[in-house]
1. Filter region 122-131 for residues that are free of Cβ contacts under 8 Å to residues at least 24 places away in the same chain and either surrounded by 13 or more Cβ atoms within 10 Å (Cβ to Cβ) or assigned to a strand (DSSP E or B) (or both) and give the result.
2. Check residue 164 against each of (1) without any contact (Cβ under 8 Å) to a residue 24 or more places away in the chain; (2) under 19 Å from residue 83 (Cβ atoms); (3) not small (Gly, Ala, Ser) and name the one condition it does not meet.
3. How do the pairs read when you match residues in region 27-53 that are more than 19 Å from residue 173 (Cα to Cα) with residues anywhere that are of a type in the set (Lys, Arg), using Cβ under 8 Å and keeping only pairs 6 or more apart or on different chains?
4. Quick check on my filter: what residues within region 57-110 are among the aromatic types (Phe, Trp, Tyr) and outside any helix (DSSP H, G or I)?
5. If the Cβ limit is 6 Å and pairs must be 6+ apart or interchain, which residue in region 78-105 that is over 16 Å from residue 135 (Cβ atoms) pairs with which residue that is within 13 Å of ligand 1 (Cβ to nearest atom) and among the β-branched types (Val, Ile, Thr)?
6. Quick one: in region 47-64, of everything that is surrounded by fewer than 17 Cβ atoms within 10 Å (Cβ to Cβ) and among the charged types (D, E, K, R), which residue is nearest to ligand 1 (Cβ to nearest atom)?
7. I need a count of the residues in region 117-171 that are of a type in the set (Lys, Arg) and under 20 Å from residue 22 (Cβ atoms).
8. Residue by residue through region 27-43, note down the ones that are touching a Pro at 6+ places or on another chain (Cβ under 6 Å) and not hydrophobic (A, V, I, L, M, F, W, C).
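The values are calculated or read from the model by the stated rules, or taken from the named source; none is laboratory data. Note that this is a predicted model, so its numbers are computed, not measured. FYI the Cβ positions are ideal-geometry reconstructions off the backbone, even for glycines, and counts take in every protein chain you see.
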Amino acid sequence: MTVLAQLDQLVEACHWIGAKGWAPATGGNMSVRQDENTCLLSESGKDKGSLTSDDFIQVEIATNQVPSGRKPSAETGLHTLIYRLFPDAGAVLHTHTVNSTVLSRVEKDAALVLQGYEMQKTLAGQQSHLDSVSIALFDNDQDIDGLAKRIEQFAQHTPLRYGFLLRGHGLTCWGKDVNEAKRHLEGLEFLFLCEMQRRLLEAK
Ligand SMILES: CSC[C@@H](O)[C@@H](O)C(=O)COP(=O)(O)O
Ligand SMILES: [Zn+2]
């Protein structure tokens, strides 16, 4: 599929994310890989639910440089990190949902472990509800370069798959293309909602 077709799919995914209320106000950011050296990232500060293809800005993956001089997402460094760590990653979606925001604060460990859910199989390579899926959880940080470094160091010793949570902030997930990133987002959000409800009910 061409990059233009991927960008069209990404714009559609942004509208779908907006309609679900998963990127309130100007929260969230999205990108698609152009080639091994560059990606197209959403412009900073926009309502991500009403983006058009003109709102995506070319960024160099190795350096975070922006040839156009426009202002891509404040979280550009997390998208480019994912494209650097995972040559197969073709799209990255970052959302601010209530479930990911709250659950990432309630969970004090360095990962949210999901187990026992059939919907784990929405995640590439997962074949059974009996397996455990560990979603890494990092403390939020306004220093995105510092945060990216911490995540990079973590990935050197622990597998990082599907996405990660930022505490009190939201989910960043990816896939080989827009469709897979969208499936991972929808699957993980479903699992977060189930996990919230389970913890609430079992606490009584
Ligand atoms: C609504 S404030 C949220 C931002 O600080 C950030 O977390 C975010 O997701 C959107 O930033 P942006 O620079 O528009 O990509
Ligand atoms: Zn954010």
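1. Across region 122-131, the qualifying residues are 126, 129, 131.
2. Failed condition: (1).
3. Final answer for the pair search is 45/71.
4. As a first pass, look at region 57-110 and keep what is among the aromatic types (Phe, Trp, Tyr): 83, 86.
Within region 57-110, just 86 meets the criteria.
5. If the second residue must be within 13 Å of ligand 1 (Cβ to nearest atom) and among the β-branched types (Val, Ile, Thr), the pairs left are 79/92.
6. Residues of region 47-64 surrounded by fewer than 17 Cβ atoms within 10 Å (Cβ to Cβ): 47, 50, 52-54, 58, 60, 62-63.
Keeping just the survivors that are among the charged types (D, E, K, R) gives 47, 54, 60.
Working: 47: 9, 54: 16, 60: 17 Å.
For region 47-64, the residue satisfying everything is 47.
7. First pass over region 117-171, keeping only residues of a type in the set (Lys, Arg): 121, 149-150, 161, 167.
From what's left, under 20 Å from residue 22 (Cβ atoms): 167.
The total comes to 1.
8. Within region 27-43, the subset touching a Pro at 6+ places or on another chain (Cβ under 6 Å) is 41.
Hits for region 27-43: nothing passes.
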